[in-house]
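Contents: one structure, followed by commentary.
The values are calculated or read from the model by the stated rules, or taken from the named source; none is laboratory data. In this text the structure is predicted, and so the values were computed from the model without any measurement. When we count neighbours, we look across all protein chains shown, and the Cβ atoms used for this are built from the backbone with ideal geometry, even at glycine.
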Amino acid sequence: MLRVTLPRIGTYEAWRDHARAFLAEGMRPENILWHRGGSEDDLFAQAAPPPRTVPRITVPKDFVALARLAIHHGDPERFTRLYALLCAVDTDRRLLDDRGDTRVAQLNRLAKEVGRDRHKMHAFVRFRDLGAEGPRCRFAAWFEPSHPILELAAPFFAKRFGDMDWSIFTPDMTAHFEDGDLTYTDPAPRPDLPEDAAEDLWRTYFRSIFNPARLKPKAMQAEMPRKYWHNMPEAALIPDLIATAQSRAREMAEAAPTLAPPRAGKVAARVARAQEALTASQDRIHAALDACTHCPLHANATQAVPGEGPVGAPLMFVGGQPGDREDLEGRPFVGPAGQLFDRALATAGIARDTAYVTNAVKHFKFTPRGKRRLRQAPNAGEIAHCRWWLDLERERVRPDVVVALGATALESLTGDRRNLLGRRGRFEETCDGAPLFVTIHPSFILRLPDPVRKAEEEARFIDDLRRLRPHAAA
Amino acid sequence: MARLTLDQKLAILSDAAKYDASCASSGGQRRDSRDGTGIGSTTGSGICHAYAPDGRCISLLKILMTNFCIYDCAYCVNRVSSNVTRARFTPEEVVTLTLEFYRRNYIEGLFLSSGIIRTPDDTMADMVRIARMLREEHGFRGYIHLKTIPDASPELLDEAGRYADRLSINVELPTDAAVRSYAPEKSPARIRKAMADVRLRKEAAGDKTHTGRRAPRFAPAGQSTQMIVGADGANDATILKSSTRLYSSYKLKRVYYSAFSPIPDSSAALPLVQPPLLREHRLYQADWLMRFYGFDVGEITANRPDGNLDLGKDPKLAWALANRHLFPVDINRADRETLLRVPGIGTRTVGRILKARRHRTLRYEDLVRMGANLKNARPFLTALDWRPRNLDAADLEARFAPQPEQLSLF
């Protein structure tokens, strides 16, 4: 039987060095007695010699993470359990994957409790101002964690409060952070920290942020157990807040509505005037389009996407409907299909800003799928409702040729969406007898999986656009 | 009017801010001040530094810059027609409070919101100024959440995104019609456009420029929003559909549901009945099912004639009881998607099951150790040594019902 006494400070590293050496010797877990801190004599055990330096052994990463946490648990058996698990992991590397294994589950439980205690310590330490002596301000706190976790928890404070000096006193040991150096010393009795005026402000905040109309003391205690309360300045308010909550909520509910203060009317009038001025400054057609509720599509879309381009443009390109990108930006043909369209248009020698670009349907139709929106084709009713806006745009722009990009536009402009591929590249007439050119929608090219066909179709699309060159503005 | 002390202002302006449910300090980049040149850190997962007796986490200093407001939203305690005491912080006061609270480890950072004073741009400019002072003058590396004013100018939004970890814009109510009737000055369309704008800016900041350098970070912890539940007549199906739309359209990190709560000096336009807090909880559960468990909003509310979630049991259990033909699930063979649908088994447990069963066949006791809630899961799964009895039993549903409470004598 061997007895190992681990130091209070640097427990993990000391345990690791011993465990490494024991494992190399093939020492069985039940033959080692581990202690931390004071050396407790055991009649039947002899003190272990300092660990031999042995070659480093490899263990799964998970084991190191688990051991670093579990070693800070208050359970006296933790060292033995960890060493036993180390021996088991050494023969079965995949053991940690099995959370159903009793040994693994047990140590994970310890690690989880330590992890939670560390998290609560990060949250519930309350510093008090000691007053500055030099350029750095100085703070100190007394905290009682449930497990000896100071070494585990202190680096967080070092990262967070980099420009101040601080000490955290716990019953197990003390941490000091001075000029960027983190050190640990043996435990000191609870220090008498000076009163801090900021605590009154903090209590005011705590009292005011509480909503008495929704009292849930159990939910509070589940996350902020009573054992931490006596070191938190705000906790003293809790009993009173709970006791008066119901009567405060009742008073709010029963209070009769009051008359608005006199200034409310004046402010309301000013706001109304500002809104009117804003409305007056907007393009009236855009504003009316944005307010359109003729079909249900407006309910889910961000905004109506109006056409873009000069009035009197000789060419008017009509797509199907805005996509995800267009819906967000409020501009037509700016997404992936729009970029392809721009490229093709430039290759065909037509400047986009000389043409008018719009869509047959002005709102984006989609089904939400997780974090994405899947485009849905607009139905005949939606296309018909939106034709009113397209007609208005055509009347305003008066293009020489309207270009239908894809079946939706074709349906909107001719009333017939059939046989798009047979009709592409041809000149037709719209319902009201205006010249119409038919081609595909660029998104058709984007959807082709085969890169060869993609290139072919892009070339054909550019060819189609070239045929419009004579009609385009110089 | 007598000048208010800092303590009085803090009382008024934190009281006015408490109806915003969000207090999260999670997400975004990791920063620290180990180099000694500043103060603060963010760890990515957020810390709740205290809990109020309403069960809500206190992570950030959640305050209003001012509770003066020119808008008249019926549900809001700060509306222009309310008679609450008004106050206004100077930017310096907000900065001092944030830093002094932060140094004492009371908070993770600042959540700054404001009533609209003068114009949306004036208000937003003051808020941005506070964030800039914290970041640039004081080297503050803690968390900053700014509530964005939908009508503020794009330049201000851009600057806000550079200083803040998170931006949020509240949609306030689940339907456009409700926003129009309760918040007449707010426009649902402008709120949506503002959220779209935040998404576009955030995505643009993620792209590399043509020189290969990254654009400055924009709200690394993303954007969130809040919906008030129970102030209008919208049912849970409407609310959840609305949040599905928001998640998919604007890549929101979170939608917060806030059960409408009575406010001091409330408007006569509002219902007097407070919705049960449990409703809020069920909505969050459903929200989680949609985001992490592959559920569709239609599935969750399919069996509810009134479109509201069952307050008596959690939505996953309710779904499983209504779809018993899909169960029991063999814990040793089912794929991830199927395992995620078993009540009482969460994403973590599913991960553990998948890992462990590569090596051996799992038993009932293994599931206990892996953290499954077997009280709920038991009837819906099979393991090596476990077969549930009659899944079709008529009383299965009753077994999950809460214990009847004995009435007390009066």
Going through the range A:187-219 in order, the residues found to be more than 29 Å from B:Tyr257 (Cα to Cα) and assigned to a loop (DSSP other than H, G, I, E, B) are A:Pro187, A:Ala188, A:Pro189, A:Arg190, A:Pro191, A:Asp192, A:Leu193, A:Pro194, A:Glu195, A:Asp196, A:Ala197
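Yes/no per residue for (1) in the same structural domain as B:Val95 (by TED's automatic domain parsing); (2) surrounded by fewer than 22 Cβ atoms within 10 Å (Cβ to Cβ); (3) of a type outside the set (D, E, K, R):
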| residue | (1), (2), (3) |
| --- | --- |
| B:Leu10 | yes, no, yes |
| B:Asp15 | yes, no, no |
| B:Tyr19 | yes, yes, yes |
| B:Cys23 | yes, no, yes |
| B:Asp35 | yes, yes, no |
| B:Thr42 | yes, no, yes |
| B:Gly46 | yes, yes, yes |
| B:Ile58 | yes, no, yes |
Only one of B:Leu283, B:Leu252, B:Leu246, B:Leu340 is over 30 Å from A:Met252 (Cα atoms) and not assigned by TED's automatic domain parsing to the domain that holds B:Asp20, namely B:Leu340
Residues of the range B:272-289 satisfying the condition of being in contact with a Phe, Trp or Tyr (Cβ under 7 Å, 6 or more places away or on another chain) and more than 10 Å from chain A (Cβ to nearest Cβ): B:Pro275, B:Leu283, B:Tyr284, B:Leu289
Of the residues in the range A:199-231, those that are more than 7 Å from chain B (Cβ to nearest Cβ) and within 18 Å of A:Phe143 (Cα to Cα) number 8
State all residues of the range A:290-305 that are part of a loop (DSSP other than H, G, I, E, B) and surrounded by fewer than 21 Cβ atoms within 10 Å (Cβ to Cβ); if no residue qualifies, say none. A:Ala291, A:Cys292, A:Thr293, A:His294, A:Cys295
Can you report the number of residues in the range A:133-158 which are within 12 Å of chain B (Cβ to nearest Cβ), over 19 Å from B:Ile107 (Cα atoms) and touching a strand residue (DSSP E or B) at 6+ places or on another chain (Cβ under 6 Å)? 1
Residues of the range B:220-271 being away from every other protein chain (no Cβ under 12 Å) and of a type in the set (Phe, Trp, Tyr), in sequence order, are B:Tyr256, B:Tyr257
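Which residue out of B:Gly307, B:Gly294 is small (Gly, Ala, Ser), within 11 Å of chain A (Cβ to nearest Cβ), surrounded by fewer than 20 Cβ atoms within 10 Å (Cβ to Cβ) and in contact (Cβ under 8 Å) with a residue 12 or more places away in the chain?
Details: B:Gly307 fails: within 11 Å of chain A (Cβ to nearest Cβ).
The unique qualifying residue is B:Gly294.
Condition check: over 24 Å from A:Phe143 (Cβ atoms), among the aliphatic types (A, V, I, L, M), within 12 Å of another protein chain (Cβ to nearest Cβ) and more than 24 Å from the chain's Cα centre (by Cα). Does B:Ala87 satisfy that?
Details: over 24 Å from A:Phe143 (Cβ atoms): yes; among the aliphatic types (A, V, I, L, M): yes; within 12 Å of another protein chain (Cβ to nearest Cβ): yes; more than 24 Å from the chain's Cα centre (by Cα): yes.
Against the criterion (over 24 Å from A:Phe143 (Cβ atoms), among the aliphatic types (A, V, I, L, M), within 12 Å of another protein chain (Cβ to nearest Cβ) and more than 24 Å from the chain's Cα centre (by Cα)), B:Ala87 qualifies.
Looking at A:Thr347, A:Thr367, A:Thr358, which is the one that is surrounded by fewer than 17 Cβ atoms within 10 Å (Cβ to Cβ), under 38 Å from the mean Cα position of the chain (by Cα) and of a type in the set (Val, Ile, Thr)? Full working, then the answer.
Values: A:Thr347 fails: under 38 Å from the mean Cα position of the chain (by Cα); A:Thr358 fails: surrounded by fewer than 17 Cβ atoms within 10 Å (Cβ to Cβ).
So the residue among A:Thr347, A:Thr367, A:Thr358 that is surrounded by fewer than 17 Cβ atoms within 10 Å (Cβ to Cβ), under 38 Å from the mean Cα position of the chain (by Cα) and of a type in the set (Val, Ile, Thr) is A:Thr367.
With respect to A:Thr244, is the statement that it is more than 10 Å from every other protein chain (Cβ to nearest Cβ) and either more than 34 Å from the chain's Cα centre (by Cα) or within 26 Å of B:Cys57 (Cβ to Cβ) (or both) true?
Details: more than 10 Å from every other protein chain (Cβ to nearest Cβ): yes; either more than 34 Å from the chain's Cα centre (by Cα) or within 26 Å of B:Cys57 (Cβ to Cβ) (or both): yes.
It is true that A:Thr244 is more than 10 Å from every other protein chain (Cβ to nearest Cβ) and either more than 34 Å from the chain's Cα centre (by Cα) or within 26 Å of B:Cys57 (Cβ to Cβ) (or both).
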Can you name the residue in the range A:118-139 that is in a strand (DSSP E or B) and among the basic types (Lys, Arg) and is also farthest from B:Thr37 (Cα to Cα) among such residues? A:Arg128
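Quickly run through the range A:169-183 and pick out the residues that are surrounded by fewer than 15 Cβ atoms within 10 Å (Cβ to Cβ) and either more than 34 Å from the chain's Cα centre (by Cα) or of a type in the set (A, V, I, L, M, F, W, C) (or both). Talk me through it step by step, then tell me what you get.
Here is the first cut: in the range A:169-183, the ones surrounded by fewer than 15 Cβ atoms within 10 Å (Cβ to Cβ) are A:178-181, A:183.
If the condition is that a residue be surrounded by fewer than 15 Cβ atoms within 10 Å (Cβ to Cβ) and either more than 34 Å from the chain's Cα centre (by Cα) or of a type in the set (A, V, I, L, M, F, W, C) (or both), then A:Glu178, A:Asp179, A:Thr183 are the ones that fit.
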Unmet requirement for B:Leu278, which otherwise passes all of (1) in a helix (DSSP H, G or I); (2) surrounded by 20 or more Cβ atoms within 10 Å (Cβ to Cβ); (3) outside the structural domain of B:Asp54 (by TED's automatic domain parsing); (4) of a type in the set (A, V, I, L, M): (2)
Find the helices (runs of 4 or more DSSP H) located wholly in the range A:311-429 whose residues include 2 or more that are farther than 26 Å from B:Tyr247 by Cβ, away from chain B (no Cβ under 14 Å) and of a type outside the set (Asp, Glu), and list them. A:336-347, A:380-397, A:407-414, A:420-423
Quick one: in the range B:348-380, of everything that is more than 14 Å from chain A (Cβ to nearest Cβ) and not basic (Lys, Arg), which residue is surrounded by the fewest Cβ atoms within 10 Å (Cβ to Cβ)? B:Asn373
State yes or no: is A:Arg116 within 11 Å of chain B (Cβ to nearest Cβ) and surrounded by fewer than 22 Cβ atoms within 10 Å (Cβ to Cβ)? no
Filter pass, B:Pro262 being surrounded by 19 or more Cβ atoms within 10 Å (Cβ to Cβ) and either polar (S, T, N, Q) or part of a loop (DSSP other than H, G, I, E, B) (or both): yes
